[in-house]
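**Q** Just passing along the structure, written as structure tokens.
The values are calculated or read from the model by the stated rules, or taken from the named source; none is laboratory data. Quick caveat: nothing in here was measured; it's all calculated off a predicted structure. In this analysis, Cβ positions are derived from the backbone assuming ideal geometry, glycine residues included, and neighbour counts consider all displayed protein chains.
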Amino acid sequence: MVNQHHGGTGPDAEGRAGQTVVVTGGSDGMGRGIALGRAARGDRVLAVGSNPMKGERLLADAAASGLGDRVEFLTADLSTIAGNQTVIDHVAANYRAIDGLVMAANRQSPQRVQTSDGLESTFALYYLSRHVLGHGLMPALSAGSKPVIVNIAGVGLASGKINWDDLQLRHRYRTIAAQLQAGRANDLLGVAMAAQFGEQVPYVLYHPGFTRSGDSAMEQINPLTRAIIKTVAMVAARSVERAIAPVHGFLDSPPTVPLTAVDRGKLLPSELKTLDPAAARRLADATDQILAEADPTAVKREDGTR
């Protein structure tokens, strides 16, 4: 399902020509804040989410703020390969170029859920989608004026590991373990993407820290745990506005280096163990194999290999 509000973006109050930005997880939490914030700055925004009702609310709020002609919502299940291909095809058909890709979609699951592609859902949504979209949208990004990819994940954290012998966590699934594995996978994704495309399209790994996002991930947590998290969040968590401020900075002034990693305002060195280039190449190869087995027609890397 596609809800389209088209129109010229025009210059913003400072006369800056509007960019075109794609935001996944764009109807909830930080993604929603980024989508509306970019529109308010004069950008044209394609927000992607899985819940059409939340998409309608996003469009209604954009319209109420006079931004209705700048925001489009696309319904897509990014935990599936087909859902990601829907986004790639839509961008190719409707946008000559995009200037920014912000990836914020994530959802926790207390039990192991298998997607229609036969993949563990956290791995599929939180990591694999970002791999597929980064490669699949590279032609549009490469055509942008000052393109950048921002991957909102958990860079800087040392906990968690890649379960090389069981990436789909078939034998020992735990909610936190699944989240941490996907987080470490995103670290390596940034390294691999920056090595391949970073000179033309810089890649940013950004960890905002604990944020009062109110996103849909909370809906999957049991009521007691959800209540505890919300109570702690009232005291310790950052506001959405504060958490997304650096993202606007990355979009307004993309880094000049292939890979930038920032953990709660701290610039991280590339020598971190979690940013190991050899592990990044290993994961890229394993991911290509997963995609080939899940869907033989799955998106290829931009260089033509799987």
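**Q** What are the pairs, 6+ residues apart or on separate chains, where a residue within segment 30-46 that is without any contact (Cβ under 8 Å) to a residue 60 or more places away in the chain has its Cβ under 6 Å from a residue that is of a type in the set (D, E, K, R) and crowded, with 24+ Cβ neighbours inside 10 Å?
**A** Listed pairs, sorted by first residue: ALA39/ARG70; ARG44/ARG70; VAL45/ARG38; LEU46/GLU72.
**Q** With respect to ASP69, determine if the residue is more than 17 Å from the chain's Cα centre (by Cα), modelled with pLDDT under 95 and over 22 Å from VAL240 (Cα atoms).
**A** no
**Q** Among the residues that make up segment 72-91, is at least one of them over 19 Å from the mean Cα position of the chain (by Cα) and either within 29 Å of VAL201 (Cα to Cα) or not in a helix (DSSP H, G or I) (or both)?
**A** No, the conditions are met nowhere in segment 72-91.
**Q** Just to be sure, is SER216 out of contact with any Phe, Trp or Tyr (no Cβ under 7 Å at 6 or more places or on another chain), among the hydroxyl-bearing types (Ser, Thr, Tyr) and at pLDDT 95 or above?
**A** no
**Q** Just checking, how many residues over segment 141-187 are touching a strand residue (DSSP E or B) at 6+ places or on another chain (Cβ under 8 Å) and at pLDDT below 95?
**A** Adding up the residues that qualify gives 0.
**Q** Let me ask something else. Of all residues in segment 47-71, count the ones that are within 16 Å of GLY18 (Cβ to Cβ) and either assigned to a loop (DSSP other than H, G, I, E, B) or in contact (Cβ under 8 Å) with a residue 40 or more places away in the chain (or both).
**A** Looking only at that region, the number is 8.
**Q** Sticking with this structure for a sec: Output the residues belonging to segment 32-62 that are farther than 21 Å from ARG107 by Cα and of a type outside the set (A, V, I, L, M, F, W, C).
**A** Listed by number, the residues that qualify are GLY37, ARG38, ARG41, GLY42, ASP43, ARG44, ASP61.
**Q** Name the residues in segment 92-143 that are of a type in the set (A, V, I, L, M, F, W, C), in a helix (DSSP H, G or I) and either crowded, with 20+ Cβ neighbours inside 10 Å or in contact with a Ser or Thr (Cβ under 8 Å, 6 or more places away or on another chain) (or both), would you? Spell out how you get there, then give the answer.
**A** Step one: filter segment 92-143 for residues of a type in the set (A, V, I, L, M, F, W, C), giving 92-93, 97-98, 101-105, 113, 119, 123-125, 128, 132-133, 137-138, 140-141, 143.
Imposing the further condition that a residue be in a helix (DSSP H, G or I) reduces the set to 92-93, 123-125, 128, 132-133, 138, 140-141.
Across segment 92-143, the qualifying residues are PHE123, ALA124, LEU125, LEU128, VAL132, LEU133, MET138, ALA140, LEU141.
**Q** Starting from residues that are in contact with a helix residue (DSSP H, G or I) (Cβ under 9 Å, 6 or more places away or on another chain) and in a loop (DSSP other than H, G, I, E, B), keep the ones in segment 250-263 and report whichever is surrounded by the fewest Cβ atoms within 10 Å (Cβ to Cβ).
**A** The extreme case among them is VAL257.
**Q** Checking LEU205 against (1) assigned to a loop (DSSP other than H, G, I, E, B); (2) closer than 28 Å to SER253 by Cα; (3) touching a strand residue (DSSP E or B) at 6+ places or on another chain (Cβ under 6 Å): exactly one of these is not met. Which one?
**A** Condition (1) is where LEU205 drops out.
**Q** Just give me the residues in segment 266-297 being in a helix (DSSP H, G or I), more than 13 Å from LEU189 (Cβ to Cβ) and either without any contact (Cβ under 8 Å) to a residue 60 or more places away in the chain or touching a strand residue (DSSP E or B) at 6+ places or on another chain (Cβ under 6 Å) (or both), in sequence order.
**A** Those that are in a helix (DSSP H, G or I), more than 13 Å from LEU189 (Cβ to Cβ) and either without any contact (Cβ under 8 Å) to a residue 60 or more places away in the chain or touching a strand residue (DSSP E or B) at 6+ places or on another chain (Cβ under 6 Å) (or both): ALA278, GLN289, ALA292, GLU293.
**Q** Take LEU180 and decide whether it is touching a residue at least 40 places away in the same chain (Cβ under 8 Å) and under 26 Å from GLY265 (Cα atoms).
**A** Judged against the criteria, LEU180 is not a match.
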